[in-house]
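Working notes, beginning with the structure itself.
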Amino acid sequence: MPAQKTLYYGGTFDPPNTGHLQLISYILNKTDLADCVIVGPTRRSPFKSLDMEQGLALGKNVQYADPEHRLKMMQLAIMNSPHKDRKKICVTEAEIKRAEPSYTIETLGYLRKAIGKGRLGILIGDDHLETFYRWQSYLEILRLHPIYVFARHCNAQQNSDRLKKIQKNWSENSGTHGIQDLSRVFCLSNPLCVSSSSNLRKEMYERKGVNGPLAEKFLFENVRNYILQKKLYW
């Protein structure tokens with residue numbers, strides 16, 4: 001029996017929306033990349049923590065849900081997946097149980113021990129390509145794990161072209177002597193999704209509810225009900 005292929009999909013998921021589940025469905029049903037997807041809500045990435053502090057300093061209305069709420073919402077969202085997919089999706093609390101800041105390299109180490117034998121890859125959005133060199137121990141991530149770049153703003157060919165151009169940028173900005181081998185970085189051809197968690201948060205804050213067109217289109221009903229019950233974004 002071949003070793004299981006697992007993909008780790010980390011993110012703030014604030015809130016989780018249909019786009020997140022569409023990507024997972026694509027991975028499980030349209031590719032042979034994974035037998036299982038582990039979803040990891042983060043406590044708050046170091047870069048998003050900085051953005052939040054800057055927003056507050058400028059007097060902006062920054063509405064974020066606590067990690068425990070985002071974990072619960074992700075669990076609710078996954079309940080909307082087909083039964084055959086739900087059996088292959090796992091939500092981990094590894095990152096939200098750790099103290100801030102949250103580093104992906106630590107989560108991957110924890111998951112490697114938990115999984116044992118088998119391949120553990122990582123899913124990242126194409127918006128992380130230019131700044132991947134800023135991730136804690138990013139060279140170690142590259143060495144140990146295949147990285148799959150899913151399309152958010154560009155298609156697979158555009159991301160492949162970007163990857164070649166920014167290879168030099170990664171090396172120069174991180175002080176390394178160059179990343180010679182990008183054979184473990186793959187750009188996916190997943191369908192682009194127009195849903196955006198930041199736009200959803202903005203709409204819910206302005207409307208003081210979940211009755212806006214974006215929320216009704218891109219949030220699952222059980223997630224909308226949870227947000228309404230907890231009044232998370234207003």
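Quick test for you: out of 11, 59, pick the one residue that is at pLDDT below 95, within 19 Å of residue 202 (Cα to Cα) and in contact with a His (Cβ under 8 Å, 6 or more places away or on another chain). I'd like the intermediate steps shown before the answer.
On the way: 59 fails: in contact with a His (Cβ under 8 Å, 6 or more places away or on another chain).
Unique residue meeting the criteria: 11.
Given the condition charged (D, E, K, R), closer than 21 Å to residue 32 by Cα, in contact (Cβ under 8 Å) with a residue 40 or more places away in the chain and not in a helix (DSSP H, G or I), answer yes or no: does some residue in the range 97-105 qualify?
No, because not a single residue in the range 97-105 is charged (D, E, K, R), closer than 21 Å to residue 32 by Cα, in contact (Cβ under 8 Å) with a residue 40 or more places away in the chain and not in a helix (DSSP H, G or I).
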Is there any pair linking a residue in the range 135-149 that is farther than 17 Å from residue 102 by Cβ to one that is part of a loop (DSSP other than H, G, I, E, B) and among the charged types (D, E, K, R), with Cβ under 7 Å and at least six apart or on different chains, and which? 142/184; 146/184; 147/184
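Return the total of residues in the range 148-191 being among the acidic types (Asp, Glu) and at pLDDT below 75.
So the count comes out to 2.
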Of 33, 76, which residue is modelled with pLDDT of 95 or more and part of a loop (DSSP other than H, G, I, E, B)? 33
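Given the structure, is residue 102 at pLDDT below 90 and more than 22 Å from residue 187 (Cβ to Cβ)?
Yes.
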When the range 12-30 is examined, which residues are found to be outside any helix (DSSP H, G or I) and surrounded by 21 or more Cβ atoms within 10 Å (Cβ to Cβ)? 13, 14, 15, 16, 17
Looking at (1) closer than 27 Å to residue 24 by Cα; (2) surrounded by 14 or more Cβ atoms within 10 Å (Cβ to Cβ); (3) modelled with pLDDT under 85, which is the one condition that is false for residue 194? (2)
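The values are calculated or read from the model by the stated rules, or taken from the named source; none is laboratory data. Bear in mind the structure is a predicted one, so any value in this text is a computation, not a measurement. Methodologically, a virtual Cβ is constructed for each residue, glycine included, from the backbone with ideal geometry; neighbour enumeration extends over all protein chains shown.
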